[in-house]
Amino acid sequence: MPKVLVSDSVDQAGIDILSQVAQVDVKTGLSPEGLVQIIPEYDALMIRSGTQVTKAVIEAGTHLKIIGRAGVGVDNVDVAAATRQGIVVVNSPEGNTIAAAEHALALMLSLSRYVPDANQSVKSGQWNRKQFIGAEIYKKTLGLVGLGKIGSHVAAAAKAMGMKLLAYDPYISTERAEQIGCRLVELDVLFREADYITLHVPKTPETTNLINAEALAKMKPTTRIINCARGGLIDESAITEALESGRIAGAALDVFANEPLESESPLRALGKNAILTPHLGASTAEAQVNVAVDVAEQIRDVLLGLPARSAVNIPGLYPEALDKLRPYLELAETLGNLVGQLAGGRVDSLTVRLQGDLADRESKPIVIAALKGLLSPALRERVNYVNASIEAKERGIRVVETRDASVRDYTDSLHLEAKGSLGEHTVTGALLGDGEIRITNVDDFPINVPPIQHMLFTRHRDMPGIIGKIGSLLGSFNVNIASMQVGRKIVRGDAVMVLSLDDPLPEGILNEIMKVPGIRDAYTVTL
Ligand code: NAD
Ligand code: MLT
């Protein structure tokens with residue numbers, strides 16, 4: 001039974017799902033060294049934001065197949081190291097969207113009306129109404145930095161409350177922004193015009209310290225800033241100074257450059273114009289169930305050999321496309337494996353051509369599957385959908401992707417061409433109506449055979465007696481032939497022979513086959 005380590009506290013609903021297929025150990029509060037020590041035992045790791053999954057952890061996790069982050073941000077996981085090691089990293093991209101958006105809205109309203117300080121003052125015995133004159137958000141301008149899932153939800157709610165919306169997000173279209181009711185503007189315009197600025201972007205080199213002294217200098221003195229996205233988006237010393245000097249009116253921060261926030265951080269000493277919460281964006285009962293279930297289901301699926309819905313490091317495998325593509329991925333992997341074995345030595349380039357209706361499909365996953373197949377004879381289980389592209393790149397394999405909708409021998413077909421140190425080989429395959437794979441062409445010779453585990457391919461001269469001789473030779477080695485097919489273009493010209501075998505070919509038989517007059521080349525293939 002596989003073993004899953006859960007190293008941050010996650011909702012029981014997730015543990016229950018994992019327990020259906022694995023032994024689940026919940027061990028929270030592990031030191032980095034403690035985690036490195038025990039991780040070799042585990043097939044999967046489930047975390048929230050508390051566990052730092054460093055390169056050292058990943059390298060020690062020699063059995064790890066999947067790391068599941070119950071939340072959105074994977075900045076506590078060394079995704080590059082995981083990808084290199086073929087470990088799938090999954091997250092829950094939508095499980096806490098509503099929770100985070102609602103927290104941002106709660107902070108915006110609380111900041112405007114000094115709710116936390118007013119509450120504190122009443123609880124400490126005071127009744128001071130004059131001290132807490134707030135501001136209305138109605139008819140004010142909200143500037144959203146990042147108009148993705150959370151940003152759009154905040155925008156919709158803010159619009160309903162009568163706010164005007166500006167947004168800065170260079171990766172979304174004007175049409176999308178208009179649909180949400182936002183005017184897309186440059187960052188400088190947003191800084192100058194917004195009364196409230198709310199951040200909903202990931203932390204990247206572009207967004208780190210996005211709100212710095214220079215940006216703060218452009219804002220109105222009445223501006224209030226909300227950060228419910230990621231620590232590090234705001235220069236904390238600059239905002240402390242801006243709040244102390246009255247350069248801006250307020251800030252509500254849920255996330256910090258270092259978490260937990262240092263006890264001596266000057267942010268803690270700020271007054272009623274600052275609200276600090278301890279990374280509570282996703283802390284609702286609903287969101288915790290959502291993210292735990294979402295990620296646990298993906299871990300379960302991967303442990304059962306199924307693909308994950310929200311893998312962050314498998315490019316191009318989008319959940320909605322995956323189900324429809326699965327038969328084509330199998331086709332691509334089989335053909336990649338076949339052409340790799342025919343090519344034998346080093347492969348310098350692989351051309352992947354999507355033909356017929358397949359030409360309209362998303363190609364990236366199909367190319368990745370073909371590379372996985374190509375590399376699997378050499379790398380075995382070390383290569384997977386996660387690292388196939390990197391492994392190919394590191395081996396200097398040039399990948400060319402083409403499409404030709406006009407090829408219509410079959411409705412959908414895939415053609416691979418591998419060029420390498422021992423020459424060039426091509427294979428074509430198609431999916432039949434029932435989803436069965438057929439190899440339909442090898443080295444430009446038409447055939448029609450289903451792939452099976454043990455196969456023998458020959459290139460030979462089409463002449464009397466040759467098929468019989470190969471049959472007798474295999475018989476003398478006690479190899480049973482399941483089926484045989486010859487592909488040729490002209491009678492007595494060059495031909496290929498494909499034998500599907502019930503047994504693996506014994507060592508040394510290829511040398512004997514090569515001695516048969518008329519045989520030019522012979523290749524054993526194990527799929
Ligand atoms: P998302 O991917 O749906 O949206 C992010 C948006 O940011 C995208 O539209 C993208 O185009 C935009 N973007 C990227 N780089 C940008 C840049 N340089 N300038 C402007 N826009 C840029 O993500 P989401 O689910 O909306 O999450 C947003 C953030 O909230 C993430 O950082 C996530 O980790 C964080 N989050 C925090 C909490 C919390 O507990 N506080 C909870 C959930 C999510
Ligand atoms: C996230 O990225 O999902 C959030 O930071 C919430 C969390 O995991 O606490």
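Can you give me the long-range amide H partners of VAL24? Hydrogens built in the peptide plane at 1.01 Å from N, cutoff under 5 Å, separation of 5 or more residues or another chain.
Residues meeting the amide H criterion: VAL4.
Would you work out which of LEU144, ASN96, GLY429 lies farthest towards the positive end of the dipole of the chain? Charges go on Cβ: Lys and Arg +1, Asp and Glu -1.
Of the candidates, LEU144 comes out farthest on the positive side.
Mind listing the phi-derived Karplus ³J(HN,Hα) values for the stretch 57-67, rounded to whole Hz, using 6.51, -1.76 and 1.60 with θ = phi - 60°, and x for any glycine or proline?
So the J values, rounded to whole Hz, are 5, 5, 5, 6, x, 5, 9, 5, 10, 8, 10.
With a ≥ b ≥ c taken as the square roots of the eigenvalues of the C-alpha gyration tensor of the stretch 179-290, please select rounded if a/c is under 1.5 and otherwise prolate if a/b is larger than b/c or oblate if it is not?
On the way: a/c = 1.64, a/b = 1.09, b/c = 1.51.
Cα axes put the stretch 179-290 in the oblate bin.
Around SER92, under 12 Å between beta carbons, what's the net of Lys plus Arg minus Asp minus Glu among the other residues?
Values: positive: ARG48, ARG69, LYS149, ARG309; negative: ASP11, GLU94, ASP294, GLU297.
My count for the surroundings of SER92 gives 0.
Quick query: amide H of ILE197 versus all other amide H atoms, modeled in the peptide plane; which residues come in under 5 Å with a sequence gap of 5 or more or a different chain?
Residues meeting the amide H criterion: GLY143, ARG224, ILE225, ILE226.
For the stretch 56-172, count all C-alpha to C-alpha pairs, find those more than 16 Å apart, and express that count as a whole percent of the total. Intermediate values should be presented prior to the final figure.
Numbers: 4846 of 6786 pairs.
Taking all Cα-Cα pairs of the stretch 56-172, the fraction more than 16 Å apart is 71 percent.
Tell me, what HN-Hα J-couplings in whole Hz come from the Karplus equation 6.51 cos²θ - 1.76 cosθ + 1.60 at θ = phi - 60° for each residue of the stretch 92-105, using x for Gly and Pro?
The phi angles translate into 10, x, 10, x, 10, 4, 5, 4, 5, 5, 5, 5, 4, 5 Hz.
What FRET efficiency comes out for SER421 versus ASP16 if R0 is 56 angstrom and r is the Cβ-Cβ distance? Round to the nearest 0.05.
Numbers: r = 53 Å, r/R0 = 0.94.
Efficiency at R0 = 56 Å is approximately 0.60.
Could you compute the longest span of the chain free of chymotrypsin sites (Phe, Trp or Tyr not before Pro) located in DSSP loops and having at most 10 other Cβ atoms within 10 Å, not counting the site residues?
Formally, the longest exposed-site-free interval is 172-527.
Can you tell me what share of the DSSP beta bridges in the chain is antiparallel? A percent to the nearest 5 is fine. Present the calculation step by step, with values, prior to reporting the outcome.
On the way: 48 of 93 bridges.
About 50 percent, rounded to the nearest 5.
Between beta-carbons, use under 12 Å as the cut-off and find the net charge around LYS27, counting Lys and Arg +1, Asp and Glu -1. Before the final figure, lay out each step's value.
Values: positive: LYS3; negative: ASP8, ASP25, GLU41.
Taking every other residue near LYS27 into account, the sum is -2.
Take the residue pairs LYS123/LYS149; LYS139/LYS220; LYS139/LYS203; LYS55/LYS419 and return only those whose Cα atoms are more than 27 Å apart.
On the way: LYS123/LYS149 37 Å; LYS139/LYS220 16 Å; LYS139/LYS203 30 Å; LYS55/LYS419 35 Å.
From the list (LYS123/LYS149; LYS139/LYS220; LYS139/LYS203; LYS55/LYS419), the Cα-Cα distance tops 27 Å for LYS123/LYS149; LYS139/LYS203; LYS55/LYS419.
Tell me, what does the Kirkwood hydrodynamic radius of the stretch 97-276 come to in angstroms if you use every pair of distinct C-alpha atoms?
Values: mean 1/r = 0.0610 Å⁻¹.
With all distinct Cα pairs of the stretch 97-276 included, I get 16.4 Å.
I need the phi-derived Karplus couplings for the stretch 256-265: 6.51 cos²θ - 1.76 cosθ + 1.60, θ = phi - 60°, integer Hz, Gly and Pro marked x.
Coupling constants for the stretch 256-265: 9, 4, 10, 10, x, 4, 4, 5, 8, 4 Hz.
Restricting things to alpha carbons, tell me how big the stretch 240-372 is in terms of Rg and Dmax, in Å.
Gyration radius and largest Cα-Cα distance of the stretch 240-372: 25.0, 73 Å.
Note down the net charge around THR207, summing +1 for each Lys or Arg and -1 for each Asp or Glu among other residues with Cβ under 14 Å from its Cβ. Can you show the working numbers first?
On the way: positive: LYS203, ARG230; negative: ASP75, ASP169, GLU206, ASP235.
Result for the local shell: -2.
Compare the peptides 8-16, 296-304, 225-233 by average per-residue count of other Cβ atoms within 10 angstrom and give them in order, highest first.
In descending order of packing, they fall as 225-233, 296-304, 8-16.
Evaluate Rg over Rh across the stretch 59-122, taking Cα atoms for both radii and Kirkwood's formula for Rh.
On the way: Rg = 18.9 Å, Rh = 14.7 Å.
Rg/Rh for the stretch 59-122 comes to 1.29.
Over the Cα atoms of the stretch 165-234, how large are the radius of gyration and the largest Cα-Cα distance (Dmax), in Å?
Rg, Dmax (Cα atoms, Å): 12.0, 33.
Quick one: putting +1 on the C-beta of Lys and Arg, -1 on the C-beta of Asp and Glu, what dipole do you get for the stretch 422-527 around its Cα centre, in Debye to the nearest 20?
Details: 9 positive and 12 negative charges, 92 e Å.
Charge dipole of the stretch 422-527: 440 debye, to the nearest 20.
In whole Å, what are the Cα extents of the stretch 318-449 along the three principal axes, biggest one first?
Projected onto its principal axes, the Cα set of the stretch 318-449 covers 37, 35, 22 Å.
Once you have the alpha carbon radius of gyration of the stretch 401-527, what is it after dividing by 2.2 N^0.38 Å, with N set to its residue count? Intermediate values should be presented prior to the final figure.
Working: Rg = 15.2 Å, N = 127, 2.2 N^0.38 = 13.9 Å.
Here the Cα radius of gyration is 1.10 times the empirical estimate.
Please report, in whole Å³, the volume per residue of the convex hull around the C-alpha atoms of the chain. Could the numbers behind the result be given before it?
Values: hull volume 93.9 nm³, N = 527.
In the chain, the Cα convex hull volume per residue is 178 Å³.
I need the Kirkwood Rh of the stretch 7-83: take the reciprocal of the average 1/r across all distinct C-alpha pairs and report it in angstrom. Each step should come with its number before you reach the end.
Details: mean 1/r = 0.0793 Å⁻¹.
Evaluated on the stretch 7-83, it is 12.6 Å.
Using bins 10 angstrom wide from zero, how does P(r) for the stretch 452-527 break down, in % of all Cα pairs?
Over the stretch 452-527, the share of Cα pairs per 10 Å bin runs 20, 58, 21, 1 percent.
Bear in mind that the values in this text are calculations on the coordinates, not laboratory data. Worth saying up front: this structure is predicted, and the values here are computed from it rather than measured. A quick note on method: Cβ atoms are made from the backbone with ideal geometry, for glycine too, and the neighbour counts reach across all protein chains shown.
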